[in-house]
Protein chains: 2
Amino acid sequence: MANMKLTYFDFHGGRGEPVRLALTMGGVPFEDDRVAMADWPERKGGTPFGALPVLEVDGKPLSQSNSINRYVAKLTGLYPSDFWQAALCDEAMDAVEDLTNEIVPTMFMPDDEKKVRREELAEGQIPLYLKRLNQNLAAHGGRYFADDRLTIADLKVAMLIRQLRSGILDHISTDLPDRVAPELVEHFQRVMKDPAIAAYYAKRGVEV
Amino acid sequence: MANMKLTYFDFHGGRGEPVRLALTMGGVPFEDDRVAMADWPERKGGTPFGALPVLEVDGKPLSQSNSINRYVAKLTGLYPSDFWQAALCDEAMDAVEDLTNEIVPTMFMPDDEKKVRREELAEGQIPLYLKRLNQNLAAHGGRYFADDRLTIADLKVAMLIRQLRSGILDHISTDLPDRVAPELVEHFQRVMKDPAIAAYYAKRGVEV
């Protein structure tokens with residue numbers, strides 16, 4: 001197996017977390033390079049597109065969250081081989097990325113602007129995406145997003161639901177997912193009960 | 001082969017064009033459902049995430065540009081089977097999507113706001129991404145983004161370069177790609193010379 005190093009911010013979530021979980025589930029050892037926010041300005045310029053996560057495979061960098069997710073998922077058996085099922089897996093991951101692209105910029109806004117923008121998202125794009133993801137989940141059997149089993153798409157969606165319910169996003173009510181997409185919350189809980197994932201967080205003292 | 005219908009806006013470019021080109025290159029017949037802008041408001045609600053393109057495969061919808069690109073590329077032999085080469089292909093597509101996510105909102109801004117935002121992009125994110133894509137191209141052999149042959153990533157990047165050089169984006173100098181990423185311009189010209197692509201545009205009277 002190649003030498004793997006994942007560089008991402010130092011918290012249990014976000015765009016880098018599905019990679020950590022997938023590598024853990026697959027039993028693939030990797031260097032977990034966690035960047036403190038204070039060190040980010042000096043490290044930003046050295047990344048392929050000024051962003052994290054970055055996965056280095058035998059020293060060769062790969063950027064773009066979902067590109068990394070897909071690569072790692074193939075290595076760890078968490079990606080469908082059937083073309084259509086793979087497309088459904090990709091679709092869910094890209095939809096989460098769409099929403100992440102709306103949420104992340106609010107983290108760097110002044111408080112008043114942040115409040116306006118987050119309330120707008122909480123009324124608009126977030127429930128829209130959650131409802132449509134909920135519909136997709138139902139259409140694909142109700143338990144998982146693709147291939148009738150846990151794939152990388154489930155990890156990606158679960159991290160979004162966890163973020164929205166965590167209380168870390170001021171001005172977005174933490175019961176929004178429960179209200180508009182209850183099956184996504186059940187899905188999140190199903191994913192978190194996966195033995196490898198539960199063990200990963202238990203070991204780190206993280207409540208899920 | 002399944003029944004394919006691509007729904008996208010009625011112009012030769014953007015997020016739907018790589019799918020049209022890939023299906024054409026692969027000789028896969030498809031219904032080319034082109035939505036006039038005037039009809040979009042009434043059709044928007046019927047799409048999976050309020051956005052185009054959407055590919056219907058035997059009536060089942062698939063959304064998200066790069067998810068559709070990847071699915072169609074697998075069907076038409078334009079996607080690498082090697083995991084690492086596939087990841088490089090994905091990385092380039094996702095990078096173009098990042099930039100597209102910055103450019104598209106400017107199309108709906110009032111003129112003064114549009115000017116400010118586009119000038120900011122022309123000084124910042126656009127040259128950054130073009131330079132990094134240029135570096136990736138060079139790092140992967142200089143001719144194509146992955147697998148040492150034309151893949152779906154090349155179609156996606158080529159559509160971006162064509163858009164930037166076309167003059168359709170006021171306040172962004174059309175010589176920006178030539179100045180900051182000359183090898184991407186040569187790459188664009190290489191892609192456009194592919195016999196199937198050249199024939200596709202010639203048949204439609206489109207200058208490339």
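Derivation of every value follows stated rules applied to the coordinates shown; laboratory data play no part. Please read all numbers here as calculations on a predicted model, not as lab measurements. Glycine also receives a Cβ, built like all others from the backbone with ideal geometry; neighbour counts cover every protein chain displayed.
General remarks:
- Average 1/r across all pairs of distinct alpha carbons in the stretch B:4-77, invert it, and you get the Kirkwood radius: 12.3 Å.
- Closest approach of a chain A beta carbon to the axis mapping chain A onto chain B (residue, whole Å): A:101, 3.
- Shielding by partners, peptide B:86-93 (average Cβ within 10 angstrom, other chains): 6
- Across the identical copies, the label point of residue B:112 (7 Å from Cα in the Cβ direction) is separated from its matches by 1.9 nm, in order from shortest.
- The stretch B:64-137 versus the stretch A:83-101: alpha-carbon centroid distance in Å: 16 Å
- Relative contact order of the stretch B:4-77, pairs being alpha-carbon contacts under 8 Å that are 6 or more residues apart, as %: 40 percent
- Copy-to-copy label separations for residue B:179, where each label sits 7 Å from Cα toward Cβ, in nm and ascending: 4.9
- Relative contact order of the stretch B:83-194, taken over Cα pairs closer than 8 Å and 6 or more residues apart, is 30 percent.
- For chain A, the Cβ-based charge dipole about the Cα centre amounts to some 400 debye (Lys, Arg positive; Asp, Glu negative; other atoms uncharged).
- Only helices enter this figure: runs of n ≥ 4 DSSP H residues, each worth -39500 (n - 2.57), summed and divided by the residues of the protein assembly as shown, yield -17000 deg cm²/dmol at 222 nm to the nearest 500.
- Axial C-alpha extent at least 27 Å, average Kyte-Doolittle at least -0.5 - helices from chain A (DSSP): A:83-103
- Förster radius 22 Å - calculated FRET efficiency between residue A:192 and residue A:111, Cβ distance, rounded to 0.05: 0.10
- Reference-scaled alpha-carbon Rg (2.2 N^0.38 Å with N residues) for chain A: 1.00
- Between copies, residue A:142 shows label-point distances of 5.9 nm, shortest first, with the point placed 7 angstrom from Cα along Cα to C-beta.
- Taking a ≥ b ≥ c as the square roots of the eigenvalues of the alpha-carbon gyration tensor, the protein assembly as shown is classed rounded because a/c is under 1.5.
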